[in-house]
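Reviewing the structure listed below.
The values are calculated or read from the model by the stated rules, or taken from the named source; none is laboratory data. The structure displayed is predicted, hence computed values, not measured ones. Reconstructed Cβ throughout: ideal geometry from the backbone, glycine too, with neighbour counts over all protein chains shown. In case anyone asks, the SASA skips ligands and DNA or RNA and just uses the protein heavy atoms, side chains included. Shrake-Rupley method; radii C 1.70, N 1.55, O 1.52, S 1.80 Å.
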Amino acid sequence: MHQFSFQNPTRIEFGIDKEKNIGHYMQEFGAKKVLIVFGSGRIKQSGLFNDITASLRENGIEFTECSKIKSNPVLSKVHEGITIAKKFGADSVLSIGGGSCLDSAKAIAAGSLYDGDVWDFFTGTEVTKALNIFDVMTLAATGSEMNNGGVVTNEKTKQKYPIHGFSLFPKVSVINPKLQTTISPDYLVYSAADIIAHSIEGYFTATEQPELINLQIEANIKTVIRTTEQLLQHPTDLDARGEFAWAATLALNGLTYLGTAGFSYPNHMIEHGMSAICDVPHGAGLSVVMPAWMTWYHKRNPKQFQRFAKEIFGLSTAEQGIEALKAWFNKIGTPTTLEQLNINQHDLNLIINNAAQNAIDWQMSDVYNHQVIATILNLAK
């Protein structure tokens, strides 16, 4: 087991109606003025916004809004949020939504205490301070509620880049499974693919991988498969919804990477090129990339791919495991081909170029050059 240091300061408040206590949780950290970051007006129509703002008022917390955050969040909206936060004098940000809202909130939190362009933090400048971050999750997928990272697309340059920093860990994250029961079937299955992608990146690519971590990842993937199928049939099953949500958190809160070494994130690196160019849902892009990448990569780590086939699907060979995962994606209705995403050859060429630049920026170009990325994506036709 490789040496490591680990600290995760985020407090999780998991349970029904916990969002109604958000003002109390925030008051514990001295919040006085908060920027609320959210997507559509559905949270106002459902009454969620009223429940949350009532709690803020009860605890003497003033608030203002930055709305219309989109899936695959964009830099221009982050700039807008920073302007609002600075003018308001916010000391905190509160995200109400899924990973796109929270990733935007993290960038806003960092940019609000910075004199330069927030994009600097996506291109090498270290994040040293940020406004306090809180969130109420209405979609489980990215795991952003318990980690210190986020991803935003610069629309002008077509760069989809990450931001990281210890100060970007949320102080408190609220996970109420009931708030996630209205998620559409499409976004449920896209989320399932995202969680599995987070789980397999290290599982397949690490040069050192403890048995304990293998077991944790396999349990997480099997939980996602089981609960996704349950939720497609019974969307209001709160037990399944809760397990699915917690699996999303566990996939990327650091626990499944402890003691591992030599891993990389090739599926995300390639998909970021895809959604930067074509703005496809992140999870949908991943369900297309993963089987193609696995087909190309599996001979580099045959033992682990055979293990995946056996432990996840009860099969014998790496090839059978890959086909089983692709078949499951097809079964639940998340895409597995570029055609299903309406990506034509012109778009594909742009995606390959974009992902090849990502590989350079992520220091992965020794393996993933332009030709390799083209080969992988052509396997997804």
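Residue by residue, here is whether (1) assigned to a helix (DSSP H, G or I); (2) of a type in the set (A, V, I, L, M); (3) touching an Asp or Glu at 6+ places or on another chain (Cβ under 6 Å) holds:
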| residue | (1), (2), (3) |
| --- | --- |
| ILE36 | no, yes, yes |
| LYS44 | yes, no, no |
| THR64 | no, no, no |
| LYS77 | yes, no, no |
| GLU80 | yes, no, no |
| SER95 | no, no, yes |
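I'd like to check something: does segment 14-22 contain any residue that is of a type in the set (A, V, I, L, M), touching a residue at least 40 places away in the same chain (Cβ under 8 Å), closer than 19 Å to THR182 by Cβ and open to solvent by 50 Å² or more (accessible area, probe 1.4 Å)? Scanning segment 14-22, I find at least one residue that is of a type in the set (A, V, I, L, M), touching a residue at least 40 places away in the same chain (Cβ under 8 Å), closer than 19 Å to THR182 by Cβ and open to solvent by 50 Å² or more (accessible area, probe 1.4 Å), so the answer is yes. Take the conditions (1) surrounded by 24 or more Cβ atoms within 10 Å (Cβ to Cβ); (2) more than 20 Å from the chain's Cα centre (by Cα); (3) closer than 25 Å to ALA140 by Cα; LEU48 misses just one of them, which is (1). For segment 341-381, taking the residues that are of a type in the set (Asp, Glu) and under 14 Å from PRO266 (Cα atoms), the one that is least open to solvent (accessible area, probe 1.4 Å) is identified as ASP361.
Each row is one residue, and each column tells you yes or no for (1) under 30 Å from ALA206 (Cβ atoms); (2) touching a residue at least 12 places away in the same chain (Cβ under 8 Å); (3) aliphatic (A, V, I, L, M).
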position	(1), (2), (3)
PHE4	yes, yes, no
GLN7	yes, no, no
VAL37	no, yes, yes
SER40	no, yes, no
ASN50	no, no, no
ASN72	yes, yes, no
LEU75	no, yes, yes
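Filtered by the rule that a residue be touching a Gly at 6+ places or on another chain (Cβ under 9 Å) and either surrounded by fewer than 24 Cβ atoms within 10 Å (Cβ to Cβ) or of a type in the set (Ser, Thr, Tyr) (or both), segment 98-118 gives SER100, SER104, SER112, ASP117, VAL118. Going through (1) in contact (Cβ under 8 Å) with a residue 12 or more places away in the chain; (2) open to solvent by less than 60 Å² (accessible area, probe 1.4 Å); (3) closer than 21 Å to SER184 by Cβ one by one, SER199 falls short only on (3).
Within segment 210-225, which residues are touching a residue at least 12 places away in the same chain (Cβ under 8 Å) and farther than 12 Å from LEU255 by Cβ? Break it down stepwise before answering.
Of segment 210-225, the ones touching a residue at least 12 places away in the same chain (Cβ under 8 Å) are 210, 212-214, 216-218, 220-225.
Matches in segment 210-225: ASN214, GLU218, ILE221, LYS222, THR223, VAL224, ILE225.
Return yes when ASN8 is assigned to a helix (DSSP H, G or I) and surrounded by fewer than 17 Cβ atoms within 10 Å (Cβ to Cβ) and no when it is not. Before you say what the answer is, go through the steps one by one.
On the way: assigned to a helix (DSSP H, G or I): no; surrounded by fewer than 17 Cβ atoms within 10 Å (Cβ to Cβ): yes.
No, not satisfied.
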